[in-house]
Ligand code: GAP
């Protein structure tokens, strides 16, 4: 990691942020809205507002840049959400993609069996009211849909339960149409759908969400080496974008919690008020997927080494995370309520987001809106900057209020055009985290900001 990535704005222990504060900020400032809110909403489904969509776009682009565009042996695809239904039989999802649930006979709560504390499993008691629990029952998580309109000719299929299946379906096409050879990877970002029976904790467990996957195809003899390589790379990637570096860890899956396709797995976990929770899964998928799709489709998906002529089914290292959990964890990680200090009588709420991911990079602020020259100079700078990055022009309210507004949405820099600007063409640039200000010539501003908001990742 670079030195900048190692630095954190937080020192010492800071308390965990209650999720309600994040939910409230997201609604208030236009990051996230409940889906279909005017109809009462749909549990586990959300929409993203003007700032949310900018943050999501930056998260996606950073992942894509660091995983696809800076690795010569990785390429990208974008597959469809709907596939042939046989895909989900071959993948094992129709049979195995289930949650075991229990109902409390007293308070009627429905709970995931694998989330129950050991004590409650042993005593068969509800963790909330102590009531008796029913026997666990299996629920399939796949969301059904139908292709076609005519009764009798409609084909039942599924909205994809994991985005990664498209990569196996397109593996052979990529191999034939790109200049890749094993070892190589295919990446994709896309929506996935799960009929989660207990969605919750805001964006953490949703029914519609967005996953990113790397599927890395290797010779079986090199599996261990590549599994270790991607495991460390992905950990370093997450560490590079958070402030609380000590809130990240690996957790190995116990044999009884492994997904049906995985021979071993590690979760990269982030610690918040929700406890230690999965952020991304690193899975040893071995030859499960390509073997199953070969078997179910009748197409031979084995690989022939161009030099040794050895024929084999490649083994797969999967790194699978999500835009939504990254979005949520970044907000949790960045949120701070600073108490009043010194001349500051009000204190402030600030999002210490990594500048390259912040939805707005710079706000251009004329000191007063009734001075035409200040406004004209500010707008000219704003028009210049918005060709390079997301810039906001704001002349409403006093300058202190405008700084606070930008702090709350995580804008790393505010440029203020004041009366000195009209004399010597210099402006102030205020840093969100330290609140310190420097003066620069107007012409130097674009390069100064670009240097600080451009992609930054090295391991
Ligand atoms: N292809 C492997 C796979 O789907 P997973 O652990 O079930 O593995 C991978 O999911 C990632 O997708 C998770 O680490 C998480 O970031 C995200 N994810 C999974 N279920 C989710 C849900 N219901 N809501 C939001 N994100 C979810």
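Taking the criterion of being within 11 Å of the ligand (Cβ to nearest atom) and either at pLDDT 95 or above or crowded, with 22+ Cβ neighbours inside 10 Å (or both), would at least one residue in region 214-225 satisfy it?
Yes; the residues of region 214-225 include at least one that is within 11 Å of the ligand (Cβ to nearest atom) and either at pLDDT 95 or above or crowded, with 22+ Cβ neighbours inside 10 Å (or both).
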So which helices (runs of 4 or more DSSP H) are wholly in region 390-459 and hold at least 3 residues that are surrounded by fewer than 13 Cβ atoms within 10 Å (Cβ to Cβ)?
-> 419-424
Considering each residue of region 23-39, count those that are assigned to a loop (DSSP other than H, G, I, E, B) and within 13 Å of residue 55 (Cβ to Cβ), and give that number.
-> 3
Of the residues in region 276-301, those that are surrounded by 20 or more Cβ atoms within 10 Å (Cβ to Cβ), more than 27 Å from the chain's Cα centre (by Cα) and more than 17 Å from residue 93 (Cα to Cα) come to 301
Say we look at region 260-291 and pick out the residues that are within 17 Å of residue 216 (Cβ to Cβ) and part of a loop (DSSP other than H, G, I, E, B); which of these is farthest from the ligand (Cβ to nearest atom)?
-> 287
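Yes or no, residue by residue, for (1) in a loop (DSSP other than H, G, I, E, B); (2) in contact with a helix residue (DSSP H, G or I) (Cβ under 6 Å, 6 or more places away or on another chain); (3) surrounded by fewer than 18 Cβ atoms within 10 Å (Cβ to Cβ); (4) in contact (Cβ under 8 Å) with a residue 40 or more places away in the chain:
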residue	(1), (2), (3), (4)
21	no, no, yes, yes
41	yes, no, yes, no
67	no, no, no, yes
71	yes, no, yes, yes
87	no, yes, no, yes
94	no, yes, yes, yes
Conditions (1) free of Cβ contacts under 8 Å to residues at least 60 places away in the same chain; (2) within 20 Å of residue 183 (Cα to Cα): number failed by residue 255 = (2)
Residue 246 vs. criteria within 21 Å of the chain's Cα centre (by Cα), within 30 Å of residue 410 (Cα to Cα), within 12 Å of the ligand (Cβ to nearest atom) and free of Cβ contacts under 8 Å to residues at least 60 places away in the same chain = no
Requiring at least 1 residues that are surrounded by fewer than 21 Cβ atoms within 10 Å (Cβ to Cβ), the strands (runs of 3 or more DSSP E) wholly within region 322-388 are 335-338, 348-351
What strands (runs of 3 or more DSSP E), lying completely within region 132-241, carry at least 1 residues that are free of Cβ contacts under 8 Å to residues at least 12 places away in the same chain?
-> 143-147
From 376, 411, 349, 420, which residue is more than 24 Å from residue 28 (Cα to Cα) and touching a strand residue (DSSP E or B) at 6+ places or on another chain (Cβ under 7 Å)?
-> 420
In region 194-209, the residues that are within 23 Å of residue 331 (Cα to Cα), near the ligand (Cβ under 8 Å from one of its atoms) and at pLDDT 95 or above = 203, 204, 205, 206, 207, 209
Select from region 110-127 the residues that are surrounded by 13 or more Cβ atoms within 10 Å (Cβ to Cβ), free of Cβ contacts under 8 Å to residues at least 40 places away in the same chain, within 30 Å of the chain's Cα centre (by Cα) and not in a helix (DSSP H, G or I) and list them in ascending order.
-> 116
Residue list for region 310-352, filter: closer than 23 Å to residue 61 by Cβ and within 12 Å of the ligand (Cβ to nearest atom) | 318, 319, 320, 321, 322, 323, 324, 325, 326, 327, 328, 329
For the subset of region 43-55 comprising residues that are surrounded by fewer than 19 Cβ atoms within 10 Å (Cβ to Cβ) and within 19 Å of the chain's Cα centre (by Cα), which member is nearest to the ligand (Cβ to nearest atom)?
-> 45
Meets criteria (under 18 Å from residue 318 (Cβ atoms), within 15 Å of the ligand (Cβ to nearest atom) and in contact with a helix residue (DSSP H, G or I) (Cβ under 7 Å, 6 or more places away or on another chain)) for residue 185 = no
With criteria (1) away from the ligand (no atom under 11 Å from the Cβ); (2) in contact (Cβ under 8 Å) with a residue 12 or more places away in the chain, residue 298 comes up short on (2)
Out of all the residues in region 158-172, is one or more more than 16 Å from the ligand (Cβ to nearest atom), within 18 Å of residue 91 (Cβ to Cβ) and modelled with pLDDT of 95 or more?
-> yes
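The values are calculated or read from the model by the stated rules, or taken from the named source; none is laboratory data. This one's a predicted model, so the numbers in the text were calculated from it and none came from an experiment. So basically every Cβ, Gly included, is an ideal-geometry build from the backbone, and we count neighbours across all protein chains shown.
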